[in-house]
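Written below as structure tokens is the structure these notes are about.
The values are calculated or read from the model by the stated rules, or taken from the named source; none is laboratory data. Just so you know, these numbers come straight off a predicted model, no measurement behind them. Glycine also receives a Cβ, built like all others from the backbone with ideal geometry; neighbour counts cover every protein chain displayed.
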Amino acid sequence: MFVYTAFAIDAYAGRIVGWTCSAGKSDAFVRRAIRRAAQLRIGEGNTMSGNTIHHSDAGSQYTSVRLGETLALSGLVPSIGSVGDFDNALAETTIGLYKNEAVRDDSPFRRGPLHRLADVELLTADWVGWYNTDRLMHRLGRIPPIEYEAIHYAATTAHSAAAHQ
């Protein structure tokens, strides 16, 4: 069985804010990842304001009209890279880490063979949780993405509060 995984990654800290796995490559599983990201940000009080950019490659699942509608309803503006460019470095790096750290045969996130979609979803959930909360990122000063974001939002809130006094 072949499984596709879609990640919605916030480029600021590299945090994975939405993801889904699917046995097919339709736009539906990408739309689910986007909706999950939007719901997470709403729940955190950091909604996407309509000027947040969703960058993707030019694959068919990223160019559909329905994905465009999902992006607009989620407060995102589409940006599609051209064939052969290097705009997808963050996504490609994250996917490479995912394959190397989570999917490989001797990964600590695996609980046995990957026979079903649910097996991949389980290891992906575990890996994304670890990646966001425990994986030390060199570019972030050797702290995890969620901690880096928390520092940013705390500073932004404090600056906003000071500006309104």
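The table that follows gives values for the structure above.
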quantity	calculated
Residue among Leu114, Leu40 that is assigned to a loop (DSSP other than H, G, I, E, B) and modelled with pLDDT of 95 or more	Leu114
Candidate set from segment 61-98 (those that are in a loop (DSSP other than H, G, I, E, B), of a type in the set (Gly, Ala, Ser) and under 16 Å from the mean Cα position of the chain (by Cα)); member that is surrounded by the fewest Cβ atoms within 10 Å (Cβ to Cβ)	Gly75
Residue list for segment 6-22, restricted to those being surrounded by fewer than 21 Cβ atoms within 10 Å (Cβ to Cβ) and in contact (Cβ under 8 Å) with a residue 40 or more places away in the chain	Phe7, Asp10, Ala11, Tyr12, Cys21, Ser22
Selected residue (criterion: surrounded by the fewest Cβ atoms within 10 Å (Cβ to Cβ)) from residues of segment 23-60 that are among the small types (Gly, Ala, Ser) and within 15 Å of the chain's Cα centre (by Cα)	Ser56
Residue count, segment 51-76 (criterion: farther than 15 Å from Asp10 by Cα and either without any contact (Cβ under 8 Å) to a residue 24 or more places away in the chain or not basic (Lys, Arg) (or both))	15
Identity of the residue in segment 121-150, touching a residue at least 40 places away in the same chain (Cβ under 8 Å) and among the aromatic types (Phe, Trp, Tyr), that ends up surrounded by the fewest Cβ atoms within 10 Å (Cβ to Cβ)	Tyr148
